[in-house]
Amino acid sequence: MAAENIHHGDATHHRSDKDETLNKHSRLCLAPMMDYTTRHFRAMVRLISNNVLTCTEMVSADELVSGRRNSEVKKQLLEQSAIISEGPSVLQIGGNDPSQLRNSAKIYHEYSRRSDQCEYTALNLNCGCPSPAVSGKKCYGAALMRDPKHVTKLVREMHDGADGTLPVTVKCRIGLHENGDVPFTRELYDAMSNEKEYEGLREFVETVASDGIVNSFQIHARIAVLGGSFSPAENRRVPPLKYDHLHRLTNEYPELNFVLNGGIHSLKQAKEEMDKIPSLSGIMVGRGLVADPWGFAMADELLFGNNAKSLCSNRREILEAYGQHADYEELHNDPASVRRSIVAACAHLFAGEHNANKFRMELDEIAGRPERLEREVKAKVWSKGSGASTLASAFSVSSTSDEVRSSRWDDTVGWDDMQAIEDNIRWDAGEQPLSELILEAAHKHFAGEVLSRSRKDSWEKKVWEEEEAKRKRAKGYPLLSIADISSDTGKKLSGGVVDGWFNNGLN
């Protein structure tokens, strides 16, 4: 899978090619989600689909600018997988300061020229996150919708900071409710003017697009309730969806591109909505893709009209390919810091299958091994002598390093003892690659038929199961959706791979 190779040429050619790529791949987009749309999960998605437009977690402009001289900060915030080419993808940035957003775009632009692991199709400004930590204290995310003219200025700064070499898009809500003297209730909201709400959205879109920078909007079809009384989860659930606002926008502004977000959790739903409203540029899915990534294995055929012959044909092949990424990441990073995120990316690959919960629980145990080992070693060191708690930070440094000898080992503990402890660490942590651990867990809990089931067969099975579930519901049998099951699992595995998986904000 080759990443979009558009590093060369003048800025106009650059922008034209990336606009074309953005429009082509917007038919199905991965929504940005803090802590979940990491480079690891995006790599997993790319093994499932050549075409899905992926999106990063929100990168704070403040964090990126303050860490601009720290190569490790830029690596963690900007880099993609070194093993699996990400292809069509968007870097989402959050902030409300024009100079910071300009500098953020400039930092990305300069870094992308030096790194072959940092090539995005577009930049995106977060105008949709309702989290109190973002839209309240920091006054960006959904709070930016209060001032469309300021948003216009922000996207201009992002565009100029990247020398106009790639598109800038905006992700937003359909409007805001400020929880001041009158708290939000459904009764109050339902009594409000639907037309007035649409006019506010229309004004936002017109104003932001007026400068000619932004021609693509990803819109979550709910209002954002601000003021701290609603959690991010409530902001996803309580305000009703209003797809008709998006449908009206597509008719009134055919020159602009609109992607619908909110309430769509399956490939079948996405296809149905696209078939209903062909004028939509695409559908954006967040929790549904995280909860059941393999459920979107036929996206290239059903939404993009492409075959997937160049992709892995089944989930065994996906885990084998993803294992190369996992091993590379652990080789170049501290396993105690990255393993949970790496493992989380494949935790729901077998959603809906028998033993899927046992598979996730075993992955949880595998994910926690480096952290447990670190704690055990710290305890051993402290039992030997005080002041040696910095050992954990030296795991990635060779035991013969002068830096380790001079500053990271405690003089009260014998060097031979310390070297023996580190030898144990390296043996325990490195005796079996993470790729093998993940694959062995899959073989342990799933039959060969499940591991080798093709994309098409998996899709047909899922459609049949959904139809069967409808028939049972019609007869009065209560059934949980895959998202419900996964969410419940996240609550049960407290502190684990899927802990709180669906409880964070989805802008």
Kindly indicate whether any position in region 292-303 is in contact (Cβ under 8 Å) with a residue 12 or more places away in the chain and closer than 30 Å to residue 373 by Cα. no
Candidate set from region 57-85 (those that are part of a loop (DSSP other than H, G, I, E, B), without any contact (Cβ under 8 Å) to a residue 60 or more places away in the chain and closer than 22 Å to residue 154 by Cβ); member that is least open to solvent (accessible area, probe 1.4 Å): 67
So residue 363 passes all but one of these: (1) modelled with pLDDT of 65 or more; (2) more than 30 Å from residue 44 (Cα to Cα); (3) open to solvent by less than 30 Å² (accessible area, probe 1.4 Å); (4) of a type outside the set (Phe, Trp, Tyr). Which condition number does it fail? (2)
Which residues, counting only those in region 286-324, are open to solvent by less than 30 Å² (accessible area, probe 1.4 Å) and in contact with a His (Cβ under 7 Å, 6 or more places away or on another chain)? 288, 290, 291, 292, 293
Got at least one residue in region 339-346 being surrounded by 17 or more Cβ atoms within 10 Å (Cβ to Cβ), modelled with pLDDT under 95 and touching a helix residue (DSSP H, G or I) at 6+ places or on another chain (Cβ under 9 Å)? no
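Of these, 210, 135, which one is in contact with a Ser or Thr (Cβ under 9 Å, 6 or more places away or on another chain) and of a type in the set (Ser, Thr, Tyr)?
Every option except 210 fails the conditions.
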Working carefully through the options 170, 151, find the one that is under 29 Å from residue 240 (Cβ atoms), among the hydrophobic types (A, V, I, L, M, F, W, C) and outside any helix (DSSP H, G or I). 170
Taking region 37-84 only, how many residues are within 23 Å of residue 22 (Cβ to Cβ), of a type in the set (Ser, Thr, Tyr) and at pLDDT below 95? 0
Looking at the structure I just gave you, is residue 227 free of Cβ contacts under 8 Å to residues at least 40 places away in the same chain and surrounded by 12 or more Cβ atoms within 10 Å (Cβ to Cβ)? no
With criteria (1) closer than 21 Å to residue 223 by Cα; (2) in contact with a helix residue (DSSP H, G or I) (Cβ under 8 Å, 6 or more places away or on another chain), residue 284 comes up short on (2)
From 111, 120, 140, grab the single residue that is aromatic (Phe, Trp, Tyr), farther than 28 Å from residue 283 by Cβ and modelled with pLDDT of 90 or more. 111
Mind counting the residues in region 185-202 that are surrounded by 10 or more Cβ atoms within 10 Å (Cβ to Cβ), within 33 Å of the chain's Cα centre (by Cα) and within 16 Å of residue 222 (Cβ to Cβ)? 8
Going through region 129-148 in order, the residues found to be outside any helix (DSSP H, G or I) and among the basic types (Lys, Arg) are 138
From the list 205, 168, 151, which one is closer than 25 Å to residue 16 by Cβ and crowded, with 24+ Cβ neighbours inside 10 Å? 168
For residues in region 154-165 being surrounded by fewer than 24 Cβ atoms within 10 Å (Cβ to Cβ) and outside any helix (DSSP H, G or I), which is nearest to the chain's Cα centre (by Cα)? 165
Looking only at region 112-126, decide whether some residue is over 19 Å from residue 175 (Cα atoms), open to solvent by 30 Å² or more (accessible area, probe 1.4 Å), in a helix (DSSP H, G or I) and in contact with an Asp or Glu (Cβ under 7 Å, 6 or more places away or on another chain). no
What pairs come up if the first residue lies in region 357-378 and is among the small types (Gly, Ala, Ser), the second is assigned to a helix (DSSP H, G or I), and their beta carbons are under 9 Å apart, counting only those six or more places apart or on different chains? 367/339; 367/340; 367/341; 367/342; 367/343; 367/344; 368/339; 368/340
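The values are calculated or read from the model by the stated rules, or taken from the named source; none is laboratory data. Small disclaimer: the values here were computed from a predicted structure and weren't measured. A quick note on method: Cβ atoms are made from the backbone with ideal geometry, for glycine too, and the neighbour counts reach across all protein chains shown. The protein model used for the area step is the full one, side chains on, heavy atoms only, and it has no ligands, DNA or RNA in it. Shrake-Rupley method; radii C 1.70, N 1.55, O 1.52, S 1.80 Å.
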